[in-house]
Amino acid sequence: MQIVILNNPADVAAYGAEIFKQQIRRKPKSVLGLATGSTPVALYNHLIDANQSGELSFKAAATFNLDEYLGLAGAHPQSYRYFMDTALFNHIDIDKSQTAVPQGNAQNPLQACRDYEAQIKAKGGIDLQLLGIGRNGHIGFNEPSSGLQSRTRVKALTPATIADNARFFADGEYQPRLSITMGIGTILEAKKILLLATGASKAEAIQATVEGPLSAACPASALQMHQDAVIVVDEAAAATLANKEFYKHVEAENQKLLAQFSLE
Ligand code: PGA
């Protein structure tokens, strides 16, 4: 894993956006794995700016989102399909038919999960997967106890996640307790993984991800098994890392070393 510690959330978003831009420039037909939540919004805004200024095109790209609430149709304002349309897809030149989000209102959710896996395979797999992280260490809706080789499936949300996400729902509004989520095994097949985390509330989960044991108790710790995972955090989310100074030093040295090579 590469651990990148930056000053603040704005720097984290800009750094993450740069990785996405490089990926799309290098391979316009990239298959991108996308995430919902508060954390990716600033990164998406960078991508919208780059697209609208003509710097970057998504015309050839395809996307797969990590997860969706089970029981919500895509037109529902609380669905992750709706979130993605309003936060990103409606503002860029991507072909909407090439943007996939698990089908929250599927008649047969188990079949929808199998179909989602098949769709990802048919596209040749995910080139770059964006992740946020829950305070409990979840990635996608892979809550603690998720199998580290799990595939796309129906997963119950923990009370902690339901409480964290309650802020998006109005008082008395129906809040789903089940989801369809890519599995950890699905996520680990992405060629490159970029996890972003900001704020003190994520410090414990980041410490467990980076320095804890490989464990289903912290699903994000599975990234320790990946050959190209980049964890980008701000100072607040990095606060409890035991080896924080080492990561900072290594990153700085790597940047100097990399500058000596042509990476194209
Ligand atoms: P957040 O959610 O970006 O809104 O903090 C992250 C997550 O739960 O994966």
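Mind counting the residues in segment 190-230 that are assigned to a loop (DSSP other than H, G, I, E, B) and either of a type outside the set (A, V, I, L, M, F, W, C) or within 12 Å of the ligand (Cβ to nearest atom) (or both)?
First, the residues of segment 190-230 that are assigned to a loop (DSSP other than H, G, I, E, B): 190-191, 198-199, 212-214, 216-217, 226-228.
Restricting the remaining residues to those that are either of a type outside the set (A, V, I, L, M, F, W, C) or within 12 Å of the ligand (Cβ to nearest atom) (or both) gives 191, 198-199, 212-213, 226-228.
Number of matching residues: 8.
Specify which of the listed residues (ASP115, ASP85, ASP93) is more than 16 Å from the ligand (Cβ to nearest atom), in a loop (DSSP other than H, G, I, E, B) and of a type in the set (D, E, K, R).
Values: ASP115 fails: in a loop (DSSP other than H, G, I, E, B); ASP85 fails: in a loop (DSSP other than H, G, I, E, B).
Exactly one of ASP115, ASP85, ASP93 is more than 16 Å from the ligand (Cβ to nearest atom), in a loop (DSSP other than H, G, I, E, B) and of a type in the set (D, E, K, R), namely ASP93.
Across segment 29-49, which residue is nearest to the ligand (Cβ to nearest atom) among those that are buried (at least 20 other Cβ atoms within 10 Å of the Cβ), over 12 Å from PHE89 (Cα atoms) and among the aliphatic types (A, V, I, L, M)?
ALA35
Filter segment 97-112 down to the residues that are part of a helix (DSSP H, G or I) and buried (at least 16 other Cβ atoms within 10 Å of the Cβ), then identify the one that is nearest to the chain's Cα centre (by Cα).
Within segment 97-112, the subset part of a helix (DSSP H, G or I) is 97-98, 109-112.
Filter again for buried (at least 16 other Cβ atoms within 10 Å of the Cβ), leaving 98, 109, 112.
Numbers: GLN98: 18, PRO109: 22, ALA112: 20 Å.
Out of the qualifying residues, it is GLN98.
Provide a single number: the residues in segment 118-132 that are assigned to a loop (DSSP other than H, G, I, E, B) and open to solvent by 30 Å² or more (accessible area, probe 1.4 Å).
Here is the first cut: in segment 118-132, the ones assigned to a loop (DSSP other than H, G, I, E, B) are 123-127, 132.
Checking which are open to solvent by 30 Å² or more (accessible area, probe 1.4 Å) leaves us with 123-124.
Selection size over segment 118-132: 2.
Any residue in segment 66-92 that is closer than 16 Å to LEU131 by Cβ sitting within a Cβ distance under 8 Å of a residue that is in a loop (DSSP other than H, G, I, E, B) and small (Gly, Ala, Ser)? List the pairs, counting only those 6 or more apart or interchain.
LEU66/ALA35; LEU66/GLY140; ASP67/GLY140; GLU68/SER79; GLU68/GLY104; TYR80/GLY104
Matching residues to (1) within 23 Å of THR39 (Cα to Cα); (2) in contact (Cβ under 8 Å) with a residue 24 or more places away in the chain; (3) surrounded by fewer than 24 Cβ atoms within 10 Å (Cβ to Cβ):
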{"site": "GLU189", "(1), (2), (3)": "yes, yes, yes"}
{"site": "LEU195", "(1), (2), (3)": "yes, yes, no"}
{"site": "GLU211", "(1), (2), (3)": "yes, yes, yes"}
{"site": "GLU251", "(1), (2), (3)": "yes, yes, yes"}
{"site": "PHE261", "(1), (2), (3)": "no, no, yes"}
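The values are calculated or read from the model by the stated rules, or taken from the named source; none is laboratory data. This structure is a prediction, so every number in the text was calculated from the model and none was measured. Using ideal geometry, Cβ is built from the backbone for each residue, glycine included, and neighbour counts are taken over all protein chains shown. Just so you know, the surface numbers come from the protein's heavy atoms only, side chains and all, with ligands and any DNA or RNA stripped out. Shrake-Rupley method; radii C 1.70, N 1.55, O 1.52, S 1.80 Å.
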